[in-house]
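> One structure coming up, written as structure tokens, with questions to follow.
Computed from the coordinates by the stated procedures, all read-outs in this text should not be read as laboratory data. Quantities reported herein were computed from a predicted structural model and do not represent experimental measurements. Note that each Cβ is placed from the backbone with ideal geometry, even for glycine, and that neighbours are counted across all protein chains shown.
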Amino acid sequence: MSTLKAVRGTRDLLPPETALWNRIEATARAVFARYNFGEIRTPVFEDTALFARGVGEETDIVSKEMYTWEDRARAQSEKSQSLTLRPENTAGVVRAYIEHQLGETGQLQKLYYIGPQFRRERPQKGRYRQFYQIGAEVLGPPSAGSESPLRDAEVLEMLATLLDELGIAGWTLHLNSVGSSADRARYNEALRAALVPVVGQMCADCQRRAVTNPLRVLDCKVPADQPIIETLPVIADFLDENSQAHFAAVTAALDAAGVPYTLNHRLVRGLDYYTRTTFEFTHGGLGAQNALLGGGRYDGLSEMLGGPKAPGIGFAIGLDRLVLTLLAQESAAPQVLADAFVAPLGDAKDKTKLARINAAALVLARELRHQGLWIELGDGGFRLKKSFETADKTARRIVILGEDELQSGILTVKTFSTGIQTKVPRAELAVFLSN
Ligand code: AMP
């Protein structure tokens, strides 16, 4: 029989790497709390219509990457329904905002989420079919200040703080404004016209995009197309006065806070509800999939989903990519060895004595664990040589507990990195092991 494996594009996350995932998630939660964000958990699957409307029918995500199925009705009172595993979380958050009338509070809603997302993409390093995002959204009625450029700057400053606290060295913030939908419509026309004489020399994808969604031409990565793309009009020249003022206020606040950024006029999002600020943080260490996170302002999304006017700004961080980046930075590698291995020295033939020394070892391990140490517990039924071999693989030190040690209260500790053996009184053991 062939053995079963995790499905292509999915993977198991195992220790010790999961310790790093936990550390990243804990840091994100702590930073978000300081900025007054609260956690939202939305369902992993939703009505397919949510993503068709909230992400956009013409996007790659909706047109070819979603895991969608027809869910059969189980009772006469139910209808069968098209469901989809969420490919992203913003649509779900905005749906929840509308469903629970969070706008009625009159307050800004600052919500964050952590969880799996699903897209049928071509798997490669840093790109999976089940991947994880840490994201946040700030949205609310305009009367709560949801349109203010200060919100954009605060979100960007929070992201810079988070990446710095995670110890991610060398990130770049790419920043742009896509203006209002009217600005973008004028830009689209100009782009379409400018593409007519040159698109014949571009890749097949660009030829298709020039007709369906000219903005997407700016995402093209084909080297030969780059010189042509550089000659195309840029969106900054099409922003109206309000959009210009908004962007100027965002960059001025970032300058004041000392958050570095690079203006990137090719960073556009093709969807109608994206407005004004768009951004991406990249990291050189990631290779082809170099985007750590992306986000932007989406002033029209709530209305697009049938809700009230609720301008907002949000982002989604690729958690898998944060982990890859940190694993490549040695200083951030997770601790893999326990502080100590407690090895009871028993006599496998004398069950009574063995039980007594094992119980004493459990008590010692309990004491040390209560003092915050990471302890592995051996078994007195094994020979000392075997205990040493196991301990050497799992811990930095071995603590030997035999009848003599139990009587005298003085334990024998060996540190593997130096090979030095030391006698340590029980009362001083925790301090000794934590150094
Ligand atoms: P998006 O929701 O497409 O704006 O993506 C936001 C971030 O999620 C990206 O910058 C990536 O870091 C991450 N991401 C998107 N798709 C994938 C994927 N298939 N595998 C791993 N990470 C992804």
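> Which order do the peptides 114-123, 68-77 come out in when sorted by mean C-beta neighbours inside 10 angstrom, highest first?
Answer by packing, highest mean first, reads 114-123, 68-77.
> Still on this structure: I need the calculated FRET efficiency for the pair V234 and M1, taking r as the beta carbon distance and R₀ as 56 Å, to the nearest 0.05.
0.40
> Points 7 angstrom from Cα along the Cβ direction at S408 and T212: gap in nanometres?
According to this spin-label approximation, the distance is 7.8 nm.
> Given the alpha-carbon gyration tensor of the stretch 303-366, what are the semi-axes of its equivalent ellipsoid in whole angstrom, ordered largest first, with each equal to the square root of 5 times an eigenvalue?
Square roots of five times the eigenvalues give 56, 20, 9 Å.
> Then there's this: Could you check the spin-label model distance between F416 and T105? Points 7 Å from the Cα along Cα→Cβ, value in nm.
Spacing of the two 7 Å Cα→Cβ label points: 5.0 nm.
> Sorted by packing (mean other beta-carbon atoms within 10 Å per residue), highest first, where do 369-378, 176-185, 308-317 land?
308-317, 176-185, 369-378
> Further question: Would you kindly state how much longer the chain becomes between R8 and A75 on full extension, computed as 0.36 nm times their sequence separation minus their alpha carbon distance, in nm to one decimal?
This chain segment gains 20.7 nm when fully extended.
> Please compute the modelled spin-label separation between F432 and D347, points set 7 Å along Cα→Cβ, answer in nm with one decimal.
According to this spin-label approximation, the distance is 2.6 nm.
> Which distance in Å, rounded to a whole number, links the C-alpha centroids of the stretch 345-382 and the stretch 1-37?
Each part's Cα centre sits 33 Å from the other's.
> Related question: For the stretch 340-434, calculate the relative contact order in percent as a whole number, restricting contacts to Cα pairs under 8 Å that are 6 or more residues apart.
31
> Once Rh is set to the Kirkwood radius over Cα pairs, what Stokes-Einstein translational diffusion coefficient, in µm²/s, holds for the chain at a temperature of 20 °C and a viscosity of 1.002 mPa s?
84
> Between A182 and T262, what length in nm is gained on full extension when 0.36 nm per residue of separation is reduced by their alpha carbon distance?
Stretched out fully, the A182 to T262 stretch lengthens by 26.3 nm.
> Kirkwood hydrodynamic radius (Cα pairs, Å) of the stretch 340-434?
Evaluated on the stretch 340-434, it is 13.1 Å.
> Let me ask something additional. How many angstrom lie between the Cα centre of the stretch 143-187 and the Cα centre of the stretch 214-232?
24
> Normalised by the residues of the stretch 73-174, what does the relative contact order come to in percent, with Cα pairs under 8 Å and at least six apart?
22
> Set the Förster radius R0 to 35 Å, insert the Cβ-Cβ distance between T172 and K393 as r into 1/(1 + (r/R0)^6), and round the FRET efficiency to 0.05.
In this case the efficiency is close to 0.30.
> What number, in percent, do you get for the relative contact order of the chain if the mean sequence gap of Cα pairs under 8 Å and at least 6 apart is divided by its residue count?
14
> Return the inverse of the average 1/r over all pairs of distinct C-alpha atoms in the stretch 17-57, which is the Kirkwood hydrodynamic radius, in Å to one decimal.
Over the stretch 17-57, the inverse of the mean reciprocal pair distance is 12.9 Å.
> Let me ask something additional. Quick one: what do you get for the stretch 137-219 if you divide its Cα Rg by 2.2 N^0.38 Å?
Relative to the 2.2 N^0.38 Å estimate, the stretch 137-219 comes out at 1.55.
> Next up: Given a Förster radius of 35 Å and the C-beta distance between D379 and Y67 as r, what FRET efficiency does 1/(1 + (r/R0)^6) yield to the nearest 0.05?
E between D379 and Y67, to the nearest 0.05, is 0.15.
> Grab the DSSP H runs of the chain that are 4 residues or longer, score each as -39,500 (n - 2.57), total them, divide by all residues and round the 222 nm result to the nearest 500 deg cm²/dmol.
So the calculated ellipticity at 222 nm is -10500 deg cm²/dmol.
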